[in-house]
Amino acid sequence: MSTRSGVVVAVSASPAHTMSKPNLDSITLIEGLGVEGDAHVGKTVKHRSRVRQDPTQPNLRQVHLIHEELFEELRAKGFSVTPGLVGENITTKGIDLLSLPTDTTLVFGDSAEVRITGLRNPCAQLDGIQPGLMQAVLDRDGSGNLVRKSGVMGVVTRSGEVRAGDQIAVRLPEGDHVPLDRV
């Protein structure tokens, strides 16, 4: 997979706190807030478990992105997965999202930009979609370290509309690259 450019496969949003999100023709990203009309839009955390911990935390999880290549891997293991099913807002293809460093900027089409803040930490709700799905998005590297494969999270740094078919340009951060960690 290339880490320099890719394409949007699908976009999804839901005003309710549901795991799955319906696919839409387009979504609007709002700078500093997230996906217009999505349950997770806002400057402070909206994920219910994080709100219980501290509702004043900054929302580093405004946009959830997953790579279509993960779905292909899961389908090969017998899972029935499609864009939006596991809660992502943007499904990508051609970008190794998990290998990007923290603070990488993804530019969608001509306008919208998302700065990657970290890895999505998968939750047990995935097993409610299909038994075993949570374990299937976890792995171990050669050193035995946990690998989270359920996508990345980001914040909107420039507003704009995103739709399936949009090209995605990758801008790596300047200086030393910091590996992604869960957010």
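Note on region 143-175: residues that are surrounded by 16 or more Cβ atoms within 10 Å (Cβ to Cβ) and assigned to a loop (DSSP other than H, G, I, E, B) total 5.
Gly151: modelled with pLDDT of 95 or more and either within 19 Å of Asp38 (Cα to Cα) or among the β-branched types (Val, Ile, Thr) (or both), yes or no? When the stated conditions are applied, Gly151 passes them. There is no residue in region 58-65 that is in contact with a Lys or Arg (Cβ under 8 Å, 6 or more places away or on another chain) and over 22 Å from Leu180 (Cβ atoms).
Of all the criteria given as (1) over 14 Å from the mean Cα position of the chain (by Cα); (2) farther than 17 Å from Ile27 by Cβ, the one not satisfied by Glu69 is (1). Applying the set (1) modelled with pLDDT of 95 or more; (2) over 17 Å from Arg163 (Cβ atoms); (3) not basic (Lys, Arg) to Ala10 leaves exactly one unmet item: (2). Report the residue count in region 68-84 for those that are within 18 Å of Ala13 (Cβ to Cβ) and either surrounded by fewer than 18 Cβ atoms within 10 Å (Cβ to Cβ) or at pLDDT below 95 (or both). Qualifying residue count for the region: 1. Listed residues Leu100, Leu65; which is crowded, with 16+ Cβ neighbours inside 10 Å, touching a helix residue (DSSP H, G or I) at 6+ places or on another chain (Cβ under 9 Å) and either over 21 Å from Gly160 (Cα atoms) or not acidic (Asp, Glu) (or both)? None of the others qualify; the one that does is Leu65. Quick check on this structure: which one of Pro55, Pro22 is out of contact with any Asp or Glu (no Cβ under 6 Å at 6 or more places or on another chain) and modelled with pLDDT of 95 or more? Answer to the check: Pro22. Scanning region 71-110 for residues that are among the aliphatic types (A, V, I, L, M), part of a strand (DSSP E or B) and closer than 16 Å to Thr157 by Cβ turns up Ile90, Leu106, Val107.
Does Gln167 fit the bill of being closer than 17 Å to Ile66 by Cβ and not hydroxyl-bearing (Ser, Thr, Tyr)? Answer is no for this residue. Of the residues in region 30-40, how many are within 16 Å of Gly87 (Cα to Cα), outside any loop (DSSP other than H, G, I, E, B) and out of contact with any Leu (no Cβ under 9 Å at 6 or more places or on another chain)? The total comes to 1. Screening Arg182, Arg158 for residues that are among the basic types (Lys, Arg) and over 19 Å from Ala13 (Cα atoms) leaves exactly one candidate, Arg182. Take region 111-125 and flag every residue that is in a loop (DSSP other than H, G, I, E, B) and either out of contact with any strand residue (DSSP E or B) (no Cβ under 7 Å at 6 or more places or on another chain) or without any contact (Cβ under 8 Å) to a residue 40 or more places away in the chain (or both). Result: Pro122, Cys123, Ala124.
The values are calculated or read from the model by the stated rules, or taken from the named source; none is laboratory data. The shown structure was predicted, so the numbers you read here are calculated from the model rather than taken from an experiment. With ideal geometry, Cβ positions are generated from the backbone for all residues, glycine too; neighbour counts draw on all protein chains shown.
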